[in-house]
Every structure is written in C-alpha cells, then in structure tokens.
Amino acid sequence: MLAAPVVKTVGLKKTYMLGKVPVNALCGVNFKVEQGDFLTILGPSGSGKSTLLNMIGALDKPTDGQVMINGVDVSTLNDNQLADLRKSIGFVFQFFNLIPRLSARGNVELPLAIAGVNKAERRKRAEELLTSVGLKDRMNHKPAELSGGERQRVAIARALANSPSFLLMDEPTGNIDSKTAKEIIGLIKTLNQDDGVTIIMITHDEKLANQGKRIMMMLDGAIVKEVDVQ
Ligand SMILES: Nc1ncnc2c1ncn2[C@@H]1O[C@H](COP(=O)(O)OP(=O)(O)OP(=O)(O)O)[C@@H](O)[C@H]1O
Ligand SMILES: [Mg+2]
C-alpha cells in the first residue's frame, strides 16, 4: 500500500479577527507533501506563510478546511493526541528558540528527556546529532557562546532528536548572514538527500528556495504558482 502523504491540506482557510475586522490570511489552500520531499514556500511578507506553517504544525486551528498529517485528520485529535503529533514534527524557527542556560548538548537532550529516553542514551544521541551537524567541538557551549549559524545547527539537531516525520522550518536562515545561510541550507539539503528527511521550509530568499526540490509561491493567502526545481 502506498503511504499517505506526510502533509495534505484541503480547502484550508484561516481568518483572524482584528476586533470586528476579518483578516483572510489563508483563502483555500490545497497542497500535498510526500515523504522525502523538500518543499520551499516563498512569498512576500503577509502572504500567509507562517499562518500556513502554524496549521501544518498543529499549532493553531483552521477556520475551515482540513489538515491531514500522515493520513490523520488533525481536527479529529484530542489535546493529548495533538501534543503527541507536535512531538513528531521537528520545528525550526528564525530565532533559534534555544534554552540559554543549557549547553548545546543539553538543548538537544531536552526533547529526548521529555520523551523519556534515559540519560546515557540521550547523551549518546545528542552527541551523534551534534556531530552530524558539524558541532562536535561545541557541545559544551551555551547558545550565547555560539555564532548564529552554530545556534541554528543546534536547533536543527534538536529538531531531529526524536526522529520527526518531517522538519517544519520558518525562515531558518532569516537571522544569519548569507554565507552562513548557504552552509545551513547545505546541511538541510544533505539531511534531505542522504537521510531522506522530509522538509518544508519557508523563506523570503529565491536563491535559497531554489535549493529545495519544489517551490510553492504564495500571495494574499493563496498558492499562486508551484514549480519543480530542476
Ligand atoms: N494573530 C493574528 N491576528 C490578526 N491578523 C494576523 C495574525 N497573524 C497574522 N495575521 C495577518 O495574517 C496575514 C498573514 O500573516 P503571516 O504571518 O502568515 O504572513 P507571512 O507570510 O508569514 O509574513 P512574513 O514573511 O512577514 O513572516 C497578514 O496580513 C497578517 O497581518
Ligand atoms: Mg512569517
């Protein structure tokens, strides 16, 4: 049997109410992401990219339409099931969201600890992950003692800790210089090509979007174009 798409949306709509004024952030979005895909979502500020990401990550509820994750309709899940679903997604954000007080290793160990992995096992896994993102020599550094690119590598290692079914990234290179951004994209590409990690990445940058396998362009809450990258 063919596996269900990792993500599928049907007629997805989101309207925010600003006082009495409705803001139509998503106006009927339909798309699919299959396992092993690397989709980039490109669009100007305010086009609905983060809103879409919040729906796919089950961080917020749509006004109308469906989100299916690995064949499961998110709207049928209770709070515990939603929490479990979120744990199966690797989130990476623009501002890293690392815990300042914890070392790089501690940050990567945290989701493993929450998942109940024992101390020796999680230390081993965190060290493997940090090594795989090129931070073998930075494990004991705290976020403030790391560069922007290194912080984002820690965030990516952390997102991978519980072997997520896909990575969901909102402007992962939005807060780092363009040279470091290229390195981070190189890392993300390797994860996709060599390890088969499914990736959905929002970016403002057309050049970076071209590093994925497929580009979806958004404007005013709708998909206006889909392109396969050659
Ligand atoms: N909580 C909210 N309440 C009201 N309106 C909102 C809310 N969040 C987003 N919006 C509006 O919805 C639209 C889409 O916002 P969204 O954050 O998804 O855009 P974006 O494409 O991610 O933009 P950016 O590239 O600047 O991050 C915008 O017009 C925004 O003003
Ligand atoms: Mg955004």
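No value in this document is a laboratory result; all are computed from the given coordinates. Just so it is clear, the model here is predicted, and its values are computed rather than measured. Neighbour counts run over all protein chains shown; Cβ positions are idealised from the backbone, glycine included.
Could you tell me the distance between the Cα centroids of region 60-125 and region 1-49, to the nearest Å? After rounding, the separation between the Cα centres reads 20 Å. Residue pairs exceeding 21 angstrom between C-alpha atoms, taken from 136/213; 142/207; 13/225; 49/213: 136/213; 142/207. Within the chain, no whole DSSP H helix has Cα atoms reaching 27 Å or more along its own axis together with a mean Kyte-Doolittle score of at least 0.5. FRET efficiency for the pair residue 165 and residue 131, taken as 1/(1 + (r/R0)^6) with r the Cβ-Cβ distance and R0 = 25 Å, rounds to 0.65.
Based on the reciprocal of the average 1/r between different C-alpha atoms, the Kirkwood radius for region 1-140 equals 17.5 Å.
Distance between the pseudo-spin-label points of residue 118 and residue 64 (7 Å out from Cα toward the beta carbon): 5.4 nm. Compared with the direct C-alpha span, the chain from residue 227 to residue 21 gains 70.8 nm at full extension, assuming 0.36 nm per residue.
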